[in-house]
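We did not get these values from a lab; they are worked out from the coordinates using the rules stated. None of the values given here were measured: they were computed from a predicted structure. No Cβ is skipped: glycine too gets one built from the backbone with ideal geometry, and neighbour counts run over all protein chains shown.
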Amino acid sequence: MPVEKFSIARDDTVYEAFPHLCRTTSGRILIAYRESNGHVASEYCRLIVRYSDDAGHSWTDRQIITDESRTADEVMPYWNCPKIQQLEDGRVLMLCEAYDYPPGEWGVEDQACVFFWFSEDEGKTFGDAQLTAVHGICPDQITETTDGRWILPTNIRNRENQIVQAITVSDDGGTSWNPPSIIHNEHELDEASLITLPKGELIAYERQDSGRPLQKMISKDRGRTWSGPFDTLNPAAIGMPIAGLTQDGLILITGRYGIRSRWRVDMSDETWRERIAKRGIVIPKVPGNEPNERFTAGFERGPFLEETETEIILGGGGSSVHTFAFIEPVESALSPNVADQKGLLLPLDLDASPFADSGYTGWVEYERGKFLVANYILDNAPLAQIRGYRFTLDDF
């Protein structure tokens with residue numbers, strides 16, 4: 001049967017994006033996402049939590065966890081990619097990284113700090129934000145190992161000033177954190193999603209923007225050492241993957257695919273001006289901030305951006321964006337060789353909007369073999385909306 005599509009959140013005056021889902025032991029489904037003025041929150045940003053007790057058919061009103069705004073001369077705390085989950089002890093944890101805008105994330109990823117919010121009532125209410133010692137951007141959710149460790153992946157800069165994938169470990173339930181360790185030094189291989197397999201192995205699926213398929217790292221000692229990266233069969237590699245284990249023992253990964261080119265059938269100056277006018281991606285120029293100056297100086301120039309003395313504005317939507325679900329068995333995930341892997345790919349949506357921006361997802365299995373995905377997408381809306389999808393294993 002066709003994938004069912006429906007609206008979870010749509011306010012045409014707000015850019016609603018970066019959703020993440022979790023299902024609690026009672027069956028409640030929680031969603032966390034960000035409201036802002038664009039893909040880059042250059043004017044305001046809010047973190048939102050809602051929940052559903054009927055498998056995503058209806059949702060509670062918005063619970064605003066934090067609300068930030070700025071004028072042209074102010075510095076704003078910038079919240080990026082929230083994650084929400086239920087811990088082994090029953091508490092609900094929402095986490096998100098924050099950094100100052102300006103300068104934003106460009107070149108200063110190590111200055112981003114991860115914050116925690118805890119709920120004792122399955123997401124009805126949350127306590128105050130708790131600053132952790134974890135640094136970096138685009139965090140995954142916490143992975144709890146069988147020996148009690150907490151593992152939190154984030155992206156940081158290495159000594160060569162390249163974005164790389166790190167993990168930070170806590171041995172005391174998040175009270176203190178060890179220094180981060182880089183699991184590989186391959187540049188622009190990041191935004192990892194960790195999954196624990198039935199026998200304790202860990203797989204880290206990672207974003208990859210240069211045209212290769214989704215990459216993976218494998219650990220057989222609870223995250224202390226890693227092998228890889230290895231190719232997978234999954235082409236949906238541009239954007240953060242979200243991986244998990246289904247009740248049938250399969251690995252499900254949702255994520256984004258797009259061709260690495262800045263080309264549409266309509267390449268007119270008028271359309272590019274419309275894209276730029278949306279101010280979806282605004283990169284500030286900060287004199288005296290060496291990482292920011294290096295980043296903005298090295299940025300490719302062209303008709304797809306507008307530059308002033310104080311900022312660079314990118315015109316989003318220069319390519320169509322697809323969202324996919326991918327499943328594979330455990331033995332495929334553990335194989336470093338593509339020839340020994342197997343899997344199935346299910347198209348969920350296409351953002352063919354001239355201003356396309358889509359494909360950061362979250363998912364839960366609300367009944368055995370039945371899945372709910374949340375994704376942000378422009379499509380028929382002027383700004384990003386949160387769309388839901390239902391499908392079953394039989395749809396692959």
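Here the label points at residue 4 and residue 221, each 7 Å from Cα along the C-beta direction, are separated by 4.7 nm in the simple model. Under 17 Å of direct C-alpha separation, and excluding same-chain neighbours fewer than eight residues apart, residue 342 reaches these aspartates and glutamates: 231, 248, 328, 331, 394, 395. Mean residue ellipticity, 222 nm, helices only, the chain: the sum of -39500 (n - 2.57) across DSSP H runs of n ≥ 4, divided by residue count and rounded to 500, is -1500 deg cm²/dmol. FRET efficiency for the pair residue 370 and residue 175, taken as 1/(1 + (r/R0)^6) with r the Cβ-Cβ distance and R0 = 45 Å, rounds to 0.75.
For segment 209-343, a Kirkwood radius taken over Cα pairs fed into Stokes-Einstein (10 °C, viscosity 1.306 mPa s) yields D = 88 µm²/s. Among the GluC sites (Glu not before Pro) found in segment 112-166, those both in a DSSP coil and sparsely packed, with 13 or fewer other Cβ atoms within 10 Å of their Cβ, are 120, 160. GNM remark for the chain: springs join alpha carbons under 10 Å apart, and the peak mean-square fluctuation among 180, 347, 241 falls on 347. With one equal scatterer per alpha carbon and no solvent term, the Debye-computed log10 I(q)/I(0) for segment 1-98 at 0.10, 0.11, 0.19 1/Å reads -0.31, -0.37, -0.94. Counting every other Cβ atom within 10 Å of each residue's Cβ, 75, 114, 14 order from fewest to most as 75, 14, 114.
How far, in nm, would the chain grow between residue 121 and residue 248 when pulled straight, counting 0.36 nm per residue and subtracting the alpha carbon separation? Could the numbers behind the result be given before it?
Details: separation 127, 0.36 × 127 = 45.72 nm, distance 2.89 nm.
Extending this stretch completely gives an extra 42.8 nm.
I'd like the distance between the alpha-carbon centres of segment 255-314 and segment 33-57, rounded to an integer number of Å. Value for the Cα centre distance between the two parts: 24 Å. Can you give the local net charge around residue 342? Use residues other than it whose beta-carbon is closer than 11 angstrom to its beta-carbon, Lys and Arg +1, Asp and Glu -1. Summing Lys/Arg as +1 and Asp/Glu as -1 gives -3.
Of interest is the spacing of the C-alpha centroids, which for segment 63-83 and segment 146-179 amounts to 24 Å.
Starting from 0.36 nm per residue, how many nanometres of slack lie between residue 263 and residue 395 once their C-alpha separation is accounted for? Using 0.36 nm per residue and subtracting the Cα-Cα distance, I get 44.4 nm.
Using the count of nearby Cβ atoms within 10 Å as a rough guide to exposure, how do 376, 78 rank from fewest to most?
In order of increasing Cβ crowding within 10 Å: 78, 376.
The fraction of Cα-Cα pairs per 20 angstrom bin, counted from 0 for segment 4-395, comes to 28, 62, 9 percent, rounded to whole percents.
Residues considered: 97, 311, 109. Largest GNM mean-square fluctuation over the chain, using C-alpha springs under 10 Å, is found at 311.
Where does the longest stretch of the chain lie that holds no trypsin sites (Lys or Arg not before Pro) found in a DSSP loop with 16 or fewer other Cβ atoms within 10 Å? Write out the running numbers ahead of the final one.
Details: sites that count: 10, 62, 91, 124, 159, 199, 220, 224, 260, 262, 301, 342, 368.
Answer from the scan: 11-61.
Modelled spin labels at residue 187 and residue 146, positioned 7 Å past Cα toward Cβ, are 4.0 nm from each other.
Computed over the Cα atoms, what is the radius of gyration of segment 270-396 divided by 2.2 N^0.38 Å, N being its residue count?
1.42
Taking 0.36 nm per residue of separation and subtracting the Cα-Cα distance, full extension of the segment from residue 159 to residue 55 would add 32.9 nm.
All C-alpha to C-alpha distances of segment 292-341, sorted into 5 Å bins beginning at zero, yield P(r) values of 4, 13, 16, 10, 8, 8, 8, 13, 13, 5, 1 percent in whole numbers. For the pair residue 350 and residue 233, a Förster radius of 22 Å applied to the C-beta separation gives a FRET efficiency near 0.60, rounded to the nearest 0.05.
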